[in-house]
1. Quick check on my filter: what residues within the range B:145-162 are charged (D, E, K, R) and more than 9 Å from every other protein chain (Cβ to nearest Cβ)?
2. Taking residue B:278 as meeting all but one of (1) in a helix (DSSP H, G or I); (2) surrounded by fewer than 17 Cβ atoms within 10 Å (Cβ to Cβ); (3) of a type outside the set (Phe, Trp, Tyr), write down the number of the exception.
3. Yes or no: residue B:305 exposed (fewer than 15 other Cβ atoms within 10 Å of the Cβ), in contact with a Gly (Cβ under 6 Å, 6 or more places away or on another chain) and of a type outside the set (A, V, I, L, M, F, W, C)?
4. When residue B:289 is evaluated against the numbered criteria (1) touching a Ser or Thr at 6+ places or on another chain (Cβ under 9 Å); (2) buried (at least 18 other Cβ atoms within 10 Å of the Cβ); (3) at negative phi, which criterion, by number, is the only one it fails?
5. Please indicate, with yes or no, whether at least one residue in the range B:178-201 is among the hydroxyl-bearing types (Ser, Thr, Tyr) and either more than 9 Å from chain A (Cβ to nearest Cβ) or in contact with a Ser or Thr (Cβ under 6 Å, 6 or more places away or on another chain) (or both).
6. Could you list, in sequence order, all residues of the range B:310-333 that are over 27 Å from residue B:114 (Cα atoms) and either at pLDDT below 90 or touching a helix residue (DSSP H, G or I) at 6+ places or on another chain (Cβ under 8 Å) (or both)?
7. If we keep just the residues of the range B:168-177 that are surrounded by fewer than 19 Cβ atoms within 10 Å (Cβ to Cβ) and within 9 Å of chain A (Cβ to nearest Cβ), which is modelled with the highest pLDDT?
8. Considering the range B:1-43 alone, what residues qualify as being within 24 Å of residue B:69 (Cα to Cα), in contact (Cβ under 8 Å) with a residue 40 or more places away in the chain and not in a helix (DSSP H, G or I)?
Amino acid sequence: MNETQGSLKQYFANIREAVTSVSKGMGITFRAFLKSNGMRKQLGSVDYGAGPVTVSYPEVKDDIPLNSRNRLFNHVEGCIACNQCAVICPVECITIDSRKKTADENLDERTPAEFGSKPKKLKLLRYEIDEALCCFCGLCTEVCPTECIVHTPEFEYSKYDRDKLTYDYLNFKDDNPLPKG
Amino acid sequence: MSTTQEEFRTQEITINMGPQHPSTHGVLRLEIVTDGEIIKAAYPDLGYLHRCFEKHAENREYLQVVPFTDRLDYVAAMNQELGYCLAVEKLIEVEATPRAQTIRVIVSELQRIASHLLAIGTYSLDIGGFTPMLYAFRDREHILGIFEELSGARLLYNYVRPGGVARDLSRGLEEKIREFCRYFVPQLVEIEELLSGNAIFMDRTCKVGIVSPDMAVAYGFSGVNLRGSGIDWDLRKVRPYSGYEKYEFSSITATLEHGVIGDCWNRYNCRMKEMHESVKIVEQALARLEAGEIMAKVPKAIKATGEVYLETECPRGNLGYYIVADGSKQPYRVKVKSPGFISLACFDELTSGMMLSDIVAFIGSLDFVMGEVDR
C-alpha cells in the first residue's frame, strides 16, 4: 500500500483514503445507532436487529421452541421395556432391566380399552439415564413405540456432582422441578 | 564482537502459538521459528481435538454415526451430515424424496451462510475490527433460531438422515426463512461495506499469504480456498448432488478488485460473495418446495456391502466420506477426507518470510475448524 509514499500528492491521497474509509464504517455505526428500533420491525416476529439484543438470562428467559431437544425424560407408566432406546443410543447412556410378567400380574394401570394395543409383557425393573453422557441426538425419542421417552425444553439441571446426573426414572427425584407435560 | 553488538545480536527464537491461542481458531498449536518479527518456519501440531471419529464409526450402526458427524465440523454440522447421508444412500442405493432433497438444500445453504458469517466475523475480530463480528453473530443467530425450531438443536442437529430428513418444516417456518432472506441481504451489504473496502482491513489482508493457483492445486485445496486462488471448482456445479443442478447460482472465484489472486483478501471476498449466492439458492429452493414425504423407504437396520466414496461442497471445502461395508449392521471402515487438514499442509512452505502478525490473518483466511482436522 505504501509504495509511493515519497510523493506529496500520494501522502495526502493516503490521508483522504484513510479518512473516507473510516468515516464509511462510522457512518454505518451511527445509522444503526439512530434507527435502533426501526430495524426490529423488519423481521416481524423475531425480535433481533439493532438495539439491545442481549437477554439478561437468569431474570429474563429466552423463548425456547417446544420441540427443542434438551433434557430427556421418561414417563415410566407408558414404558413397555422394549429396550429399543438403549440399543439405538450412540453413547449407551440408557440402562434398562426387566423381567417377564407372571401370569396373575397386571402391569397396566389403565383399562384395556385405554391403552388400545396389547397389554405390557415385561415388568420394568430399572430405567436409568446418565444425562451426563447424553449427546442430545434424539434418536431414542424417535424409535420409542409408545413415545414415553421425550426431550423436554428444560435445560437448567446442572449439578455439583456428576453422579447426581444419573436419574432413576422408576423413583424419580430431582432438586429442580420438571415442567409439566 | 563489541559489547554493543553483543547486546543487540539477533538470534532465532522458537515460540509456541496455541493451543489456547484465540486466533488459531481451535486447539491448533503452531511451532514458529522467528528471526525478529520475520517467521523462518511454522510447523502446525495437530491432534489436540482427536476424538477417534473413524474408530467410533466402525463400532456404531449406520444411523448412529450421524450424531458423530455433527461433531466433526461443529460450525457447519448440516453439511457434514449431508455428506455422510449421501454416501450411505449411495451405498444402499436409495434416493431421498424430492421434498427431502429440497429441504436439504435449504438447510445446507443456510448453514453455509452461518458458517461463512462466523468465519468472516472472527476473521475481522482477529485483525482488529470488532463491529463486523457483532453484526455477523447477530445474523447468524437468526439462522440458529430457524434450525432450533426445525431440528430441536442449535448447533449439533442430527437432522439429515440416510433417506431423507428427520422432521418436516414446522408450521410457519417456511415464511420465517423467506423473511430471513429478505432481511439478510441488506445486512450482508452493510457488513461488506464495513470490511471489503476498509483501508485498515485491506492493509492487513491484501498481498498477504498468497497461494498461487498452481500451489493450491498441488496441495489439493478445495472450496473457497481454491476459488480464492482463481480456480473455478465448485462441486455443486461440477458434480451436482441433491438436485443442485436445478438451481441458478454462480460459483465465485477471485477477482483483481483488490490485492492479488490467491491472497487473504480474495479468500475473504469469495466467502462474502458466496453468501449472496446462497441466499439466492435458498429463495429458489423455497419456491420449488413441494408437498410430499420427507423420508424414503430405508430399512430399519441398514446393511450393505461394497465401498463408496462421495464428496460434497462444504463451507470449508470438499469433504469426502469413504465407507467400506462388509454386510454387517456397522460400517467396516469410515474415512473422512477433511479440507481443513489439507489447508494446514501449506503452512511450512507459505509462512516462511511472513511477518508474525500476518500469520494471524493467514490462519483466519484459511478458515479451518480443528474438530474436522483432527476428527
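1. Filtering the range B:145-162 down to residues charged (D, E, K, R) leaves B:148-149, B:154, B:161.
Answer for the range B:145-162, where residues must be charged (D, E, K, R) and more than 9 Å from every other protein chain (Cβ to nearest Cβ): just B:161.
2. (2)
3. yes
4. All conditions are met except number (2).
5. Yes, that holds for at least one residue.
6. Matches in the range B:310-333: B:323, B:325, B:326, B:327, B:328, B:329, B:330, B:331, B:332, B:333.
7. That would be B:175.
8. Those that are within 24 Å of residue B:69 (Cα to Cα), in contact (Cβ under 8 Å) with a residue 40 or more places away in the chain and not in a helix (DSSP H, G or I): B:25, B:26, B:27, B:28.
The values are calculated or read from the model by the stated rules, or taken from the named source; none is laboratory data. As the structure is a computational prediction, the values presented were derived from the model and not from experiment. A quick note on method: Cβ atoms are made from the backbone with ideal geometry, for glycine too, and the neighbour counts reach across all protein chains shown.
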